[in-house]
Amino acid sequence: MTNAIEAHGLTKRYGQTQALAGVDLAAGAGTVLGVLGPNGAGKTTAVRILATLLRADGGSATVAGFDVASQPQQVREQVGLTGQFASVDEDLTGVQNLVMIGRLLDLSAREAKRRAGELLEWFDLEEAAGRVAKTYSGGMRRRLDLAASLVGRPAVVFLDEPTTGLDPAKREAMWDVVRRLVTDGSTVLLTTQYLEEADALADEITVIDRGRVIAHDTPLGLKRQIGGQRLTVRPAEPDRLEDVRAVLGALSGKPVESAGRDTLSVAVADDSALPTAVTELRAAGIALTELSLHLPSLDEVFFTLTGRPAETAATTEEDAA
């Protein structure tokens, strides 16, 4: 598979702070690369370099086959960028914002207006098209901002925490947009603070911490890296919780942990633990409302790799700048 995004050994320093310390990234054409990392890890710095908004101190990168250092104009013609903050002109209407960008991209007036209408419909902004952007809610501005980055039908789209601040329904609507972008042939690099977002969208995930890549794999591959599966049990009668704990402890020989209200979880070696647990719990006369076997979540992977919970990821990351 041809890589639409490829970076080798990217470095960037801000004074005494090493924001990037030799980062490698790769995204195949028509895929989604999720980039995860705690606050200050270097995610936004990497995106800005790839989008030609910053120059790397060292290393090399190509986007859509063009070198970001020596061919920045060609790169800009191929990419769209949505940053962490909406960057639309708040004194223009929604349609005026999109038409203006279309004209700046050398679309004819008719084509710019047609593309604006198409995107306003796509992002459910038709009713607000004639209102100035300053009257939009935060979620509407985020959607308009993403629409603006897609006016030129970019081959590569950089989404830097695009759903921050959106409610769950609007976030899922944005996920549908990302999937549609890929279906239409675009390559997406997505940085996010929501690990379920990366799990739902990314074909591959790169984890960055302190300016270095510490892991790269598919979501499933990352989950397998930290080993084992987890068995989760909720008894129908909460007063049997300690009986469940005893059964799970004997079954696995590992610490049994709380996994929520009246729910226990334990690490197990493989899926053979499930039928054994069913037999043992039945023999103990314990009725259940939940019994599941699953790989670790990306949250657990994130904590294992970085030593920090996902909640420390930036909501307004300026990286190490």
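The values are calculated or read from the model by the stated rules, or taken from the named source; none is laboratory data. Since the structure is predicted, the reported quantities are computational estimates derived from the model, not experimental observations. With ideal geometry, Cβ positions are generated from the backbone for all residues, glycine too; neighbour counts draw on all protein chains shown. Side chains included, ligands, DNA and RNA excluded: accessible areas come from the protein's heavy atoms. Shrake-Rupley method; radii C 1.70, N 1.55, O 1.52, S 1.80 Å.
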Quick check on the chain: helices-only [θ] at 222 nm, where DSSP H runs of length 4 and up contribute -39,500 (n - 2.57) each and the sum goes over total residues. Nearest 500, please. -10500 deg cm²/dmol
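Could you give the length gained on full extension between K113 and V182, defined as 0.36 nm per residue of separation minus the Cα-Cα distance, in nm?
Values: separation 69, 0.36 × 69 = 24.84 nm, distance 2.39 nm.
Contour length minus Cα-Cα distance gives 22.5 nm.
Rounded to the nearest angstrom and ordered from largest down, what semi-axes does the equivalent ellipsoid of segment 1-53 get from its C-alpha gyration tensor (root of 5λ)? Each step should come with its number before you reach the end.
Values: eigenvalues 94, 27, 17 Å².
Rounded to whole Å, the semi-axes are 22, 12, 9.
Heavy-atom accessible area per residue, segment 74-233, 1.4 Å probe: how many Å²?
Numbers: 7260 Å² over 160 residues.
That works out to 45 Å² for each residue.
Rg(Cα) of the chain divided by 2.2 N^0.38 Å? Please report the intermediate quantities before stating the final value.
Details: Rg = 23.2 Å, N = 321, 2.2 N^0.38 = 19.7 Å.
Relative to the 2.2 N^0.38 Å estimate, the chain comes out at 1.18.
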List, in order, the whole-Hz ³J(HN,Hα) value for each residue of segment 190-207 obtained from phi through the Karplus relation with A = 6.51, B = -1.76, C = 1.60 and θ = phi - 60°; use x for Gly and Pro. 10, 9, 8, 9, 9, 5, 5, 5, 4, 5, 6, 10, 7, 6, 9, 10, 10, 9
How large is ³J(HN,Hα), in whole Hz, for each residue of segment 152-161 in order, when computed from phi with the Karplus curve 6.51 cos²θ - 1.76 cosθ + 1.60 and θ = phi - 60°, using x for Gly and Pro? x, 6, x, 6, 10, 10, 9, 10, 9, 6
Candidates A273, A246, A26: whichever shows maximal mean-square fluctuation once the chain is modelled as a Gaussian network with Cα springs under 10 Å: A246
For segment 109-164, average projected area of the Cα convex hull in nm²: 4.3 nm²
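For K170, K223, K134, give the ranking by accessible area with the largest first, probe 1.4 Å. All intermediate terms of the calculation are to be shown ahead of the outcome.
Numbers: K170 75, K223 30, K134 115 Å².
Largest accessible area first, the list is K134, K170, K223.
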Along the charge dipole of segment 221-307, pointing to its positive end and built from +1/-1 on Cβ of Lys, Arg, Asp and Glu, which listed residue (L293, G253, Q225) has its Cα farthest out? Q225
What residue among L195, L104, L146 has the largest mean-square fluctuation in a Gaussian network model of the chain, using Cα springs under 10 Å? L104
Residues meeting the amide H criterion for E204 (H placed from the backbone, H to H distance under 5 Å, 5 or more places apart or on another chain) are V32, G34
Can you list residues whose amide H is under 5 Å from A69's amide H, if they're 5+ apart or on another chain and H is modeled 1.01 Å from N? A61
Given backbone amide H placed at 1.01 Å from N, residues whose amide H is under 5 Å from that of T187, ignoring those fewer than 5 places away on the same chain, are G30, V156, V157
Could you give the length gained on full extension between K254 and Q73, defined as 0.36 nm per residue of separation minus the Cα-Cα distance, in nm? 59.5 nm
With Cα springs under 10 Å, the Gaussian network model of the chain assigns the largest mean-square fluctuation among A133, A56, A173 to A173
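With both bridge residues required to lie in the chain, what share of the DSSP beta bridges run antiparallel, to the nearest 5%? Could the numbers behind the result be given before it?
On the way: 36 of 53 bridges.
Once the DSSP bridges in the chain are tallied, antiparallel ones form about 70 percent.
Taking the Cα centre of segment 97-143 as the origin, how large is its charge dipole in debye, to the nearest 20, when only Lys and Arg (+1) and Asp and Glu (-1) carry charge on their Cβ atoms? Could you put the intermediate results ahead of the total?
Values: 10 positive and 7 negative charges, 46 e Å.
That gives segment 97-143 a dipole magnitude of about 220 debye.
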Sort out for me the Cα centre separation of segment 134-196 from segment 21-70, rounded to whole Å. 18 Å
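For R282 and R212 in the same chain, what is the full-extension length gain: residue separation times 0.36 nm, less their Cα-Cα distance, in nm?
Values: separation 70, 0.36 × 70 = 25.20 nm, distance 4.86 nm.
Full-extension gain reported as 20.3 nm.
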Suppose every Lys and Arg Cβ carries +1 and every Asp and Glu Cβ carries -1, with no other charges. What dipole size does the chain come out with about its Cα centre, to the nearest 20 debye? 640 debye
